[in-house]
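Student: Let me give you the structure first, and then I'll get to my questions.
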Amino acid sequence: MRETRFRTAVRTILAAFATLGVLLLGLAPAATASGYGSGTGGSAAAPVAAAEASGIVAADAQAEAGGTGETYVIGTDTTFAPFEFRDGGELVGIDIDLVKAIAEDQGFEVEFRSLGFNAALQALSSDQVDGVIAGMGITEERQEIYDFSDPYFTAELQLAVNGTNEEVQGWEDLEGETVAVKTGSQSEEYAKSVQDEYGFEITALDQTTTMVESVKAGSATALMDDYPVLAYGITQGSGLKTVTDPVPVGDYGFAVNKDQNAELLEMFNTGLAELKESGEYQEILDTYLAEDAQTGPDASSFWGLITTTFPALMVGLGNTLLVTGISFALAMALGLMFGFLKVSTNPVLRGIATVFVSVFRGTPILVWAFFFYFGLPQLIGTEVDIWVAGVLTLTLNGAAYIAEIVRGAVQSVDPGQMEASRSLGLGYGKSMQRVVLPQAFKIMTPSLINQLVIMLKDSSLLLAIGFGELLYQAQQIYAANFRVTEVLLIVGIIYFVAITLLTQLANFVDRKVNK
């Protein structure tokens, strides 16, 4: 009887995972088909849909233009309006339009991967992308590592403060105050160059929206950023105002790895020159920088914000559920294996399991996300898909915790159960299968449900490598409209509803299995 119940329980669990997998596999393409996303779009293949959601945008083929027809992968920032941001789900901006126009002019194809500024540079160093365009200043230090194109924009920095701040009118009013700058940018370099003169503190943040929220929350008095970025934010209701004149600090350039992709660099320079000559270059700038420019999402009310952003957020939710479902299923398999190894009588097997659990429980999950996406390609010499990196990260981290759950559950079964079974003539394996494990599964189920919820929430960390999950999509949205609080409120509600429903489903399965 116990054997039958055990087998029934295992079949029920497997059926539940299979059903969940089918549902999740169908969810992401359906969400993508709802209209959000750019590029080729419309594919039913989940990886393709996810790739589009994570920022991969294919330009139109230009083979007929007589170019190479080759596809180049370009890394870019995630949130740097008006140079790169999402408008209605499509990746747009000065940098994006410029590269698309050059690709069309020179007859090659381009895919964009919006990773974030620092992540894009790491992707370039690890050959995950062929080039980077992200409002990147041409500096002597960077020229030692990268080859830059001809300058395509002259960077000018400005100081901005909260719109209600009447005390700060310039650098001289910042003594003892805090100024937010973008990590590794020219704004950080310039602020450091004048820091001693004006006596302010510097806090380096990774995104413009983060800097804006820091000023609005009062944790920083002012921020320094590129004047087009500040001007665009002010038109979108960022609540800031500029208090200094623009300061020229250098030029923006398109970058490739040193002594690599010379052909791409040459095509970029040739295309840029032709765009300037034809006037198309100025048209692109005017699209985003002219006083009457009309860009950015139209979401004047909270309800308008919800309806405008809902399709994009549903794509992110689909990717979140899909990567979590796949990772949890794989983590269960690995976790069960290593959990059983940890209760094995063989010291070698116990040692292997202990090392695995210690490594993945003792290191931050972000470390593995960066390692699998940026480090692993350099070790194996081939590109790693962002879905593979995401699933590996969540799977191995989750498996380490599930292994401990399994070990704890097995060891929680009264030892007398095993002794009684053995005394009846059953071997160790049969005793585990028929007596111990059925009871252990009942004990571990609540913890496994909790681990599933944790993995779902941990999936938000994958935005650091540009994975198009729910929080990543939210980041794309508030980077364009500067309505951070409202967007995060919507995302929080979506997470709450999704996790509640998932928990209810898991509890239902638990009741069916353990009744």
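The values are calculated or read from the model by the stated rules, or taken from the named source; none is laboratory data. As the structure is a prediction and not an experimental result, all values here were calculated from the model. Neighbour counts run over all protein chains shown; Cβ positions are idealised from the backbone, glycine included. Each accessible area value is taken on the protein alone, full model and side chains, heavy atoms only, with ligands, DNA and RNA left out. Shrake-Rupley method; radii C 1.70, N 1.55, O 1.52, S 1.80 Å.
Student: Name the helices (runs of 4 or more DSSP H) wholly within segment 375-443 that hold at least 1 residues that are closer than 29 Å to Asp458 by Cβ and modelled with pLDDT of 85 or more?
Tutor: 376-380, 386-412
Student: Across segment 116-172, which residue is farthest from Phe254 (Cα to Cα) among those that are crowded, with 22+ Cβ neighbours inside 10 Å and of a type in the set (Val, Ile, Thr)?
Tutor: Val161
Student: Hey, can you tell me all the residues within segment 478-488 that are within 24 Å of Glu90 (Cβ to Cβ), assigned to a helix (DSSP H, G or I) and open to solvent by 20 Å² or more (accessible area, probe 1.4 Å)?
Tutor: Tyr478, Glu486, Leu488
Student: Against the definition (within 23 Å of Ala222 (Cβ to Cβ) and acidic (Asp, Glu)), how does Glu189 come out, yes or no?
Tutor: yes
Student: While we're here: Can you tell me which residue among Glu213, Glu197, Glu189 is modelled with pLDDT of 90 or more, open to solvent by 10 Å² or more (accessible area, probe 1.4 Å) and not aromatic (Phe, Trp, Tyr)?
Tutor: Step by step, each of Glu213, Glu197, Glu189 is checked, and only Glu197 is modelled with pLDDT of 90 or more, open to solvent by 10 Å² or more (accessible area, probe 1.4 Å) and not aromatic (Phe, Trp, Tyr).
Student: For Leu461, which of the numbered conditions (1) aliphatic (A, V, I, L, M); (2) farther than 23 Å from Ile326 by Cα; (3) at pLDDT 90 or above fails to hold?
Tutor: So the condition that Leu461 fails would be (2).
Student: Show the residue pairs that are 6+ apart or on different chains and have beta-carbon atoms under 7 Å apart, the first residue being within segment 153-174 and under 30 Å from Gln282 (Cβ atoms) and among the hydroxyl-bearing types (Ser, Thr, Tyr), the second being open to solvent by 20 Å² or more (accessible area, probe 1.4 Å) and not in a loop (DSSP other than H, G, I, E, B).
Tutor: Pairs found: Thr154/Pro248; Thr154/Asp251.
Student: Which ones in segment 444-456 are surrounded by 17 or more Cβ atoms within 10 Å (Cβ to Cβ) and either more than 25 Å from the chain's Cα centre (by Cα) or not in a helix (DSSP H, G or I) (or both)?
Tutor: Met444, Thr445, Leu448
Student: Ok, one more. Can you work out which of the residues in segment 249-286 that are in contact with a strand residue (DSSP E or B) (Cβ under 9 Å, 6 or more places away or on another chain) and polar (S, T, N, Q) is surrounded by the fewest Cβ atoms within 10 Å (Cβ to Cβ)?
Tutor: It comes out as Gln260.
Student: So which residues in segment 77-110 are under 23 Å from Leu313 (Cβ atoms), at pLDDT 85 or above and open to solvent by 10 Å² or more (accessible area, probe 1.4 Å), if there are any at all?
Tutor: Val92
Student: Can you spot a residue in segment 419-429 that is within 24 Å of Met332 (Cα to Cα), open to solvent by 20 Å² or more (accessible area, probe 1.4 Å) and more than 27 Å from the chain's Cα centre (by Cα)?
Tutor: Yes: segment 419-429 contains one or more residues that are within 24 Å of Met332 (Cα to Cα), open to solvent by 20 Å² or more (accessible area, probe 1.4 Å) and more than 27 Å from the chain's Cα centre (by Cα).
Student: Let me ask something else. Can you confirm whether segment 257-271 contains a residue that is free of Cβ contacts under 8 Å to residues at least 60 places away in the same chain and over 24 Å from the mean Cα position of the chain (by Cα)?
Tutor: yes
Student: Can you confirm whether segment 495-504 contains a residue that is closer than 30 Å to Glu84 by Cβ, open to solvent by less than 30 Å² (accessible area, probe 1.4 Å) and either in a helix (DSSP H, G or I) or not acidic (Asp, Glu) (or both)?
Tutor: Within segment 495-504, one or more residues are closer than 30 Å to Glu84 by Cβ, open to solvent by less than 30 Å² (accessible area, probe 1.4 Å) and either in a helix (DSSP H, G or I) or not acidic (Asp, Glu) (or both).
Student: Answer yes if at least one residue in segment 64-73 is crowded, with 24+ Cβ neighbours inside 10 Å and either within 17 Å of the chain's Cα centre (by Cα) or closer than 30 Å to Leu313 by Cβ (or both), and no otherwise.
Tutor: No, there is no match, as no residue in segment 64-73 is crowded, with 24+ Cβ neighbours inside 10 Å and either within 17 Å of the chain's Cα centre (by Cα) or closer than 30 Å to Leu313 by Cβ (or both).
Student: Mind counting the residues in segment 380-405 that are under 18 Å from Ala119 (Cα atoms), open to solvent by 60 Å² or more (accessible area, probe 1.4 Å) and not β-branched (Val, Ile, Thr)?
Tutor: Looking only at that region, the number is 2.
Student: Right, next: Considering only residues that are open to solvent by less than 50 Å² (accessible area, probe 1.4 Å) and among the charged types (D, E, K, R), which ones fall in segment 173-186?
Tutor: Lys182
Student: Would you mind stating whether Leu461 is under 23 Å from Ala399 (Cα atoms), open to solvent by 30 Å² or more (accessible area, probe 1.4 Å) and either without any contact (Cβ under 8 Å) to a residue 60 or more places away in the chain or part of a helix (DSSP H, G or I) (or both)?
Tutor: Against the criterion (under 23 Å from Ala399 (Cα atoms), open to solvent by 30 Å² or more (accessible area, probe 1.4 Å) and either without any contact (Cβ under 8 Å) to a residue 60 or more places away in the chain or part of a helix (DSSP H, G or I) (or both)), Leu461 qualifies.
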